[in-house]
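**Student:** A single structure is presented below for examination.
The values are calculated or read from the model by the stated rules, or taken from the named source; none is laboratory data. The shown structure was predicted, so the numbers you read here are calculated from the model rather than taken from an experiment. A quick note on method: Cβ atoms are made from the backbone with ideal geometry, for glycine too, and the neighbour counts reach across all protein chains shown.
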Amino acid sequence: MPISEKSSGNNNINKRLVVKKLFARQQHEGFGAVVRRSIGRFELRYFDPFLVLDEFSVSAPAGFPDHPHRGFETVTYMLEGEILHEDCEGHKGVIREGGLQWMTAGKGIVHSEMPSSNSNGITHNKGLQLWINLSSKHKLVEPSYQEIESKDLAETEKDGVRVRIIAGEWNGVKSKICTRTPTMYLDFTLSPGSRISQSIPFHWNAFVYVLEGQGHFGDSKLQHSGAAAHHLLLLGLGGDRLEAWNSSDSGLPLRFILVGGEPIGEAMVQFGPFVMNTQEEIDQTIDDFDNFRNGFEKARHWKSQAASALGLF
Ligand code: FJE
Ligand code: FE
């Protein structure tokens, strides 16, 4: 039976059900970094508008040295430790624990993302990086950053549920992030015994990624799915609400992110860090990058300090 017919009666709001559950194992990326990639791996190339979801972990000396991006946005949310970023336009800073960087690569950015030197060897620097596609009309916009420190991130609590609002709104509290591709991104912590019933726009693609604890997701009456840390749950269409509750029997909190986005519905061609609509545009991008043109001008004489210090170039 199609999901949309499962619920009966006019007063009955259709729930979003889990249609796919995926465990994100560890893989090596960048220079000595480890990521658990859920979206963007072979089995799940693209979940429109989401290109990649990595739960990353880096201990210095390691990281993601000088590399380009074009045609999408990266959202880096630190869970533990910190990451130093530097780009070829001179933009530089540290994303600290609980903080967020929403980067619109647009027509081109070359940057490095490395643990800062004072975290050398000791700290584990952990976080989430989400790549969100841009529609054809936004692919070549000027690059821009939105950065929010932990203390300034919208956060609210009600009935044993703590929500950090990265994009969108919850219970009347709004994030100040502007999204070019309409997106919601909420970080939930549910204390033992607590639950949520969260609205999600009907036509948006949405997923849950579990960070810690044990939870159940779906429709508490009809069909639900249990999951623990490092699991991605894709939610089906045909509903506008997700139910989730902490199902731990050891009294631990349940922490997960819920992310939703309006599908762009355009052709997508990806070549590593370049995401365009056609192969011709990808060929053009490789040419622009190789010849320092159309957004990559400043990359010609640039090396990040972090990667130079490690003798990587
Ligand atoms: C990249 C390989 C990469 N996930 N999570 C290829 F590893 C990367 C890349 C990252 C990345 C960076 C951080 Cl801070 C966190 C990440 C992949 O930088 F861009 C390409 N092209
Ligand atoms: Fe990057």
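**Student:** For TYR185, only one of the following conditions fails: (1) farther than 23 Å from ALA206 by Cβ; (2) out of contact with any Asp or Glu (no Cβ under 9 Å at 6 or more places or on another chain); (3) part of a strand (DSSP E or B). What is its number?
**Tutor:** TYR185 satisfies all of (1) farther than 23 Å from ALA206 by Cβ; (2) out of contact with any Asp or Glu (no Cβ under 9 Å at 6 or more places or on another chain); (3) part of a strand (DSSP E or B) except (1).
**Student:** Under 6 Å between Cβ atoms, at least 6 apart or on separate chains: pull out the pairs that start in the stretch 298-313 with a residue that is under 18 Å from HIS69 (Cβ atoms) and end on any residue that is surrounded by 11 or more Cβ atoms within 10 Å (Cβ to Cβ) and among the small types (Gly, Ala, Ser).
**Tutor:** As it stands, the answer is SER304/SER112; ALA306/SER112; ALA307/SER112, since those pairs meet every condition given.
**Student:** Does the stretch 33-54 contain any residue that is more than 10 Å from ligand 1 (Cβ to nearest atom), among the basic types (Lys, Arg) and farther than 30 Å from SER220 by Cβ?
**Tutor:** Checking the stretch 33-54: at least one residue is more than 10 Å from ligand 1 (Cβ to nearest atom), among the basic types (Lys, Arg) and farther than 30 Å from SER220 by Cβ.
**Student:** Related question: Go over the candidates GLU266, GLU243, GLU297 one by one and state the one that is more than 16 Å from ligand 2 (Cβ to nearest atom), of a type in the set (Asp, Glu) and closer than 23 Å to VAL52 by Cβ.
**Tutor:** Values: GLU243 fails: closer than 23 Å to VAL52 by Cβ; GLU297 fails: closer than 23 Å to VAL52 by Cβ.
One residue alone meets the criteria, GLU266.
**Student:** How many residues does the stretch 146-163 contain that are surrounded by 13 or more Cβ atoms within 10 Å (Cβ to Cβ), free of Cβ contacts under 8 Å to residues at least 40 places away in the same chain and not in a loop (DSSP other than H, G, I, E, B)?
**Tutor:** The number of residues fulfilling the criteria is 6.
**Student:** Output the residues belonging to the stretch 247-277 that are assigned to a strand (DSSP E or B) and surrounded by fewer than 18 Cβ atoms within 10 Å (Cβ to Cβ).
**Tutor:** If the condition is that a residue be assigned to a strand (DSSP E or B) and surrounded by fewer than 18 Cβ atoms within 10 Å (Cβ to Cβ), then VAL269, PHE271 are the ones that fit.
**Student:** Exactly one condition in (1) buried (at least 18 other Cβ atoms within 10 Å of the Cβ); (2) at pLDDT 95 or above; (3) within 12 Å of ligand 1 (Cβ to nearest atom) is not met by GLU29; state its number.
**Tutor:** (1)
**Student:** Moving on. Check the stretch 169-179 and report whether any residue there is of a type in the set (D, E, K, R), outside any loop (DSSP other than H, G, I, E, B), closer than 28 Å to LYS92 by Cβ and modelled with pLDDT of 95 or more. So that I can check it myself, show each step before the final result.
**Tutor:** We begin by selecting, within the stretch 169-179, every residue of a type in the set (D, E, K, R); these are 169, 174, 176.
Still in the running and outside any loop (DSSP other than H, G, I, E, B): 169, 174.
The next check asks that each one be closer than 28 Å to LYS92 by Cβ; those that pass are none.
Taking every residue of the stretch 169-179 in turn, none turns out to be of a type in the set (D, E, K, R), outside any loop (DSSP other than H, G, I, E, B), closer than 28 Å to LYS92 by Cβ and modelled with pLDDT of 95 or more.
**Student:** Please identify the pairs in which a residue from the stretch 102-114 that is within 10 Å of SER144 (Cα to Cα) has its Cβ atom under 6 Å from the Cβ atom of a residue that is near ligand 2 (Cβ under 8 Å from one of its atoms), counting only partners at least 6 apart or on another chain.
**Tutor:** Going by the 6 Å Cβ cut-off, the qualifying pairs are MET103/THR74; ALA105/HIS69; ILE109/HIS69.
**Student:** Only one residue in SER199, SER175 is of a type in the set (S, T, N, Q) and either surrounded by fewer than 19 Cβ atoms within 10 Å (Cβ to Cβ) or farther than 27 Å from PRO263 by Cβ (or both). Which one?
**Tutor:** Numbers: SER175 fails: either surrounded by fewer than 19 Cβ atoms within 10 Å (Cβ to Cβ) or farther than 27 Å from PRO263 by Cβ (or both).
The match here is SER199.
**Student:** Take GLU147 and tell me if it is among the charged types (D, E, K, R) and closer than 24 Å to ALA24 by Cα.
**Tutor:** Numbers: among the charged types (D, E, K, R): yes; closer than 24 Å to ALA24 by Cα: no.
Considered against the rule, which asks whether it is among the charged types (D, E, K, R) and closer than 24 Å to ALA24 by Cα, GLU147 comes out as no.
**Student:** Right, VAL35: buried (at least 19 other Cβ atoms within 10 Å of the Cβ) and over 29 Å from ALA267 (Cα atoms) or not?
**Tutor:** no
**Student:** Restricting to the stretch 97-124, name every residue that is more than 14 Å from ligand 2 (Cβ to nearest atom), buried (at least 17 other Cβ atoms within 10 Å of the Cβ) and at pLDDT 95 or above.
**Tutor:** GLY98, GLY99, LEU100, LYS107 - these are the residues of the stretch 97-124 that are more than 14 Å from ligand 2 (Cβ to nearest atom), buried (at least 17 other Cβ atoms within 10 Å of the Cβ) and at pLDDT 95 or above.
**Student:** Right, here's the next one. Hey, which of the strands (runs of 3 or more DSSP E) in the stretch 63-145, taking only ones fully inside, have at least 1 residues that are more than 12 Å from ligand 1 (Cβ to nearest atom) and more than 17 Å from the chain's Cα centre (by Cα)?
**Tutor:** Values: elements: 64-69, 72-80, 83-87, 92-95, 100-104, 109-114, 125-133.
Answer list for the stretch 63-145: 83-87, 92-95.
**Student:** Ok, one more. Could you tell me which numbered condition LEU258 fails, if it satisfies all but one of (1) over 24 Å from the mean Cα position of the chain (by Cα); (2) farther than 21 Å from SER112 by Cβ?
**Tutor:** (1)
**Student:** Show the residue pairs meeting these rules: Cβ distance below 6 Å; 6+ apart or different chains; first residue within the stretch 128-139 and surrounded by fewer than 22 Cβ atoms within 10 Å (Cβ to Cβ); second residue basic (Lys, Arg).
**Tutor:** Going by the 6 Å Cβ cut-off, the qualifying pairs are HIS138/ARG180.
**Student:** I've got another one for you. Any residue that is in contact with a helix residue (DSSP H, G or I) (Cβ under 8 Å, 6 or more places away or on another chain) and either modelled with pLDDT of 95 or more or not hydroxyl-bearing (Ser, Thr, Tyr) (or both) - is there at least one of those in the stretch 35-52?
**Tutor:** no
**Student:** Can GLY93 be described as buried (at least 18 other Cβ atoms within 10 Å of the Cβ) and of a type in the set (Gly, Ala, Ser)?
**Tutor:** Numbers: buried (at least 18 other Cβ atoms within 10 Å of the Cβ): no; of a type in the set (Gly, Ala, Ser): yes.
Taking the combined requirement at face value, the residue does not satisfy it.
**Student:** Quick check on SER220: is it at pLDDT 95 or above and surrounded by fewer than 18 Cβ atoms within 10 Å (Cβ to Cβ)?
**Tutor:** It is false that SER220 is at pLDDT 95 or above and surrounded by fewer than 18 Cβ atoms within 10 Å (Cβ to Cβ).
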